[in-house]
Amino acid sequence: MAAVECRSDTSYAQRPTAVHWDGQRWAVAEVLAEWRTPAGKQFRVRAAAGPVFELTYSEALDEWQVRPI
């Protein structure tokens, strides 16, 4: 199961800080892109160890989707 840790100062899912994927925790080193769709927030992030992930937070379902790219 995938999960996302995020910073949430003024609203939830403001900035991802770590991604749990394939049994490992990947700290987010850089947010490469951030945008909003009708379904919710999306981010493209680079982990400290190099992998890049696309993260989608569905506000209606209160659920994260993680996709390595």
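Just so it is clear, none of the values below were taken in a lab; they were calculated from the coordinates. Not measured: the values here are computed from a predicted model. Counting neighbours? That spans all protein chains shown, and the Cβs are built from the backbone with ideal geometry, glycine included.
Residues are listed down the side, and each one gets a yes or a no for (1) charged (D, E, K, R); (2) in contact with a Pro (Cβ under 7 Å, 6 or more places away or on another chain); (3) in a strand (DSSP E or B):
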site	(1), (2), (3)
Tyr12	no, no, no
Arg25	yes, no, yes
Glu34	yes, no, yes
Arg44	yes, no, yes
Ala49	no, no, no
Glu54	yes, no, yes
Gln65	no, no, yes
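The number of residues in segment 1-10 that are assigned to a strand (DSSP E or B) and among the small types (Gly, Ala, Ser) comes to 1.
So which residues in segment 7-55 are of a type in the set (Phe, Trp, Tyr), closer than 15 Å to Gln65 by Cβ and touching a residue at least 12 places away in the same chain (Cβ under 8 Å), if there are any at all?
Filtering segment 7-55 down to residues of a type in the set (Phe, Trp, Tyr) leaves 12, 21, 26, 35, 43, 53.
Now restrict to residues that are closer than 15 Å to Gln65 by Cβ: 21, 35, 43, 53.
Scanning segment 7-55 gives Trp21, Phe43, Phe53.
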